[in-house]
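In what follows, a structure is listed as structure tokens, so that the remarks can point back to it.
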Amino acid sequence: IVALEPSTNHIIEMAADLANNLMGCLNPDENVRRQSEAWLKAAENAQLGGFMYALAQVLSTESADKVIRQQSGLYLKNILFAKDSKVLEQNRQRWRSMVPAEQAQIKQVLLTVLNSPEVLARQTAAQAIAEMGAIDLPNNAWPELLPALLQNVTGQMPDEYKVNTLQCLGYTCERLDYQDLEQSVTNNILTAIVDGLRADRPNNEVRHAAATALRNSLLFCRGNMENKAERDMIMQQICEATQCKEGKVRAVAYECIVQIAEHYYDKLPDYMTVLGGLTFNTIKSDEEQVATQALEFWSTLCDEEIDILEEIEDCRDHNEQPSRACMNYIEAALAQLIPLILEGLTKQDEDADLDDNIWNLSMAASTCLNLVAETVKDNVVPVVMPFVLQYIKSEDWRFREASTMAFCSILEGPSQASMGQYVNQAVGFFIGALKDPHTMVKDTTAWTLGRICELHANSVPPEAFQPLVEGLKAVLMTESPRVSAQACFAIHNLAMQVPVEEGKASNALSPFLEGLLQVLVQVTERQDWDEANLRPNAYEAINMLIQHAAEDRLPTIAQLTPLILDRLEASIRMSALTNEEKDAKAGLQGLLCGIVQVICQTLPAMQIEQFADKIMMSLLQVFGTKNAAAHEEALMAAGALADKMEDKFMRYMVQFKDVVMMGLRNHEEFQVCTVAVGVVGDLSRALGKALAQFCNEIVQALLEILQDSALNRSVKPHVLSCFGDIALALEGQFEPYLQVTLMMLLQASQTRAPDDDEDLIDFVNTLREGILEAYTGIIQGLDEGGKVQLIVPYGEAIMGFLENITHDPNKDDEVINGAIGVLGDLTDSLREQVPGLTTKKFVDDLLNLGNQSGVDKIMELARCYRGRIDNLKRG
């Protein structure tokens, strides 16, 4: 401590400057704010420990202004906190690297602030302590923390102080990684929280803070939840809290029950009778915020049972034993739960603005019913349809809307056989209901028609198609933005179901497509386009109509193209001063580039070529703006244009190459980087060997992506696959890049995933798909270029990779398909030069996996290459 005195004294000497600059950060003058922020950052960098101690001292000074005290505590917390995981770890490492005596001084001061008479100071200290606790508790570096907090909660401290101590525990639990905690630490946290939650505590603010902390701690209480006695005690405290007189305590208690349903489903049998009774009574009679949480318990049970049932079905398909059993709580509760949900649907708030993220009981009921339908499937139909049939024509708009929403909510889950007859009979009625006098009924009706088109289009009677299209079209310009947006959604889904059949010049959309496009284009320019997601919905409907336009409507698409390009050019000239205006401009450009992309994909090459120069000029201007979302769409549009123009796209490559390179090097915005990688694949297919003159720079950029450990890992499988596209294009000219590419592929093929990490398993499967696609492209490209012998030295390593895949229990069908494809490429190109091709047991095993996959294309591929390999065996 003596050693700290000089730096501490130095900081104390500039206490006035510290206070002034903390206040300066709140100054409306931007120059003042910047100067203050720069001063604080310089002080932080100069002597971190002393600076943090000075901030803690300001926070603890009772005579200081409460706003300055709060600012000092928040700054102190933010020195340790960051949203970005890498920056967060860097900040935490700085703290760990500090002298322990420095840390001890800071922590000691912060703990005293929990006893401050100033509530703002206590609240802010709680946040700062939580950040430090999240770093130190897993390493046993702050053994005094939990005993001190427990003493605050259980001792004679005033209740308002206990609230902030419990908040501190709650924040700490929220910030902790539960896997790093010892059981003794968890026990201490839980002891303090449960004491604060006791039913005999008269202060409901204390109980609310304790319930919130418990909610945050449940994830790492698994050891306690495995012990029946401790689990019973926790459940008893929570259930008692659901009966508290204070509504917000009851609501958080139900949030705890929701957490338990999600994380401890297998522990519920002992408590379901009680929990069912509590939640049913609460849904029926409690205030909305509490009833909504009680309903969330049943929605969460649905989520769990859907996952379990999917796992059971998947295990059945693969002759495996599922890890969990489904208790069928939802099916058992249908008779009691469904009437409560249906009653909840009638509690609409007609003044609620959905753009404000409002969540109320009727919305929760709709969500829950949807999940119930997905869980119990056909069994939901007979318990819901009587309500629908009874109230669909009610005089009361609330019951008309509720019955419509009930019908919509059970469209997904039940089979076509169960719902098809009702859909067939209801479509005509819903078309008429688009003219209902109440806006909410029209809104829900349009949404329901959209879901019918999405999920049960086959049940729409043919004679209803024209009235359906005309009914939706009629509300596009005349109704509220929400109703119009839902009608756009319905048109989008209807168009998606109409096939474009080869050899047929027309389809069901043809008579209506021109009129629909004309009105939808007008919708995008409505004065209220920025409400209810109206403009994006309208452009998405236009997109789908273009994609599903039959040959006889291609002239209509060609006529629309100049209008879209004019709008894209106009959007580039738009003035945008505020952030909101900039976002709107970028969003519009992204939507218009999306339309350009599908036009390029839909129109024949000869028609596209007449617009090509204007398209590229507009897209290049978009690339000149600073907006990642618009760049993504513009890149995809350019890729589609290249795909259609093929080698004629070369005339744009001098300028476009720089755009592609910019995208490939944009590692910060990984979505843009991913799209740029995809565009390289488009260019490979379009330009063929002509791509070679640009490949040195492109390949180098791709390798830099693979070597960047900080880049989002989802980009890398696309890069590996892209090497296959380049190799196919260059054929023998790929030789200069072969060795470095194969080294990267062999390195990537070593990636493994633990059996209990589903996200990593999915990533490894995607990575392997990319590797296999690369191998296929390289082998086929070199074979076409007469240089396939260059692969021979790597044949053994490739075969080893295929063997690892064969024996991996977590491989998916796409990986099996790709592995058989590479095996076949080796067979076709190198034949007996492939080591072990005719002798390795895994080859037969891999082909057997293909035959047993149940996927037609994989089974056909396996049969094909088994025959060829058998021929090799026979010489």
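Table for the structure above
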item: Helix-derived mean residue ellipticity, 222 nm - over the chain, DSSP H n ≥ 4, -39500 (n - 2.57), to 500; result: -24000 deg cm²/dmol
item: Euclidean distance between Cα centres, region 50-107 to region 262-316, Å; result: 41
item: Share of Cα-Cα pairs in region 75-176 lying beyond 23 Å, as whole percent; result: 22
item: Calculated Rg and Dmax of region 224-373 using C-alpha coordinates, Å; result: 16.3, 53
item: Most to least packed among 704-712, 413-421 [average Cβ atoms within 10 Å]; result: 413-421, 704-712
item: Acute angle (nearest 10 degrees) that the helix 605-623 long axis makes with the longest principal axis of the chain, alpha-carbon atoms; result: 30
item: Sites ALA474 and ASN871 - FRET efficiency at Förster radius 56 Å, r taken between beta-carbons, to 0.05; result: 0.30
item: Carbon/sulfur fraction of accessible area - the chain, other protein chains in place, 1.4 Å, %; result: 48
item: Paramagnetic reach from ALA692 (point 7 Å along Cα→Cβ, amide N under 20 Å) across region 721-754; result: 723-742
item: Candidate lysines for bridging to LYS473, where Cα separation is under 21 Å - those fewer than 8 sequence places away on the same chain excluded; result: LYS435, LYS442
item: Relative contact order of region 38-114, pairs being alpha-carbon contacts under 8 Å that are 6 or more residues apart, as %; result: 35
item: Over region 771-875, relative contact order from alpha-carbon pairs under 8 Å, at least 6 apart, %; result: 28
item: Förster-model FRET efficiency, 35 Å R0, ARG34 and GLN671, C-beta, rounded to 0.05; result: 0.70
item: Relative contact order computed over the chain (Cα-Cα under 8 Å; 6+ residues apart), in percent; result: 4
item: Surface per residue (accessible, 1.4 Å probe) for the chain, Å²; result: 44
item: Heavy atoms of GLU311 accessible to a 1.4 Å probe, total area in Å² rounded to 10; result: 50
item: Rg/Rh for the chain, where both radii come from Cα atoms and Rh is the Kirkwood radius; result: 1.00
item: Alpha-carbon centroids, region 745-766 and region 326-384: separation in whole Å; result: 38
item: At R0 = 35 Å, FRET efficiency that the Cβ-Cβ distance of GLU118 and ASP232 yields, to 0.05; result: 0.30
item: Segments 333-340, 479-486, 110-117, 522-529 sorted - mean Cβ within 10 Å per residue, highest first; result: 479-486, 110-117, 333-340, 522-529
item: Where TYR53, TYR171, TYR265 fall by accessible area, highest first, once all protein chains stay in place (1.4 Å); result: TYR171, TYR53, TYR265
item: Relative packing of peptides 719-725, 531-537, 83-89 - highest average C-beta neighbours within 10 Å first; result: 719-725, 531-537, 83-89
item: 0 to 90° range, to nearest 10: angle between helix 66-80 axis and the chain longest Cα axis; result: 50
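The values are calculated or read from the model by the stated rules, or taken from the named source; none is laboratory data. Predicted model, so just to flag it, every value in this text is computed and none were measured. Methodologically, a virtual Cβ is constructed for each residue, glycine included, from the backbone with ideal geometry; neighbour enumeration extends over all protein chains shown. For accessibility, only protein heavy atoms count, side chains too; no ligands or nucleic acids. Shrake-Rupley method; radii C 1.70, N 1.55, O 1.52, S 1.80 Å.
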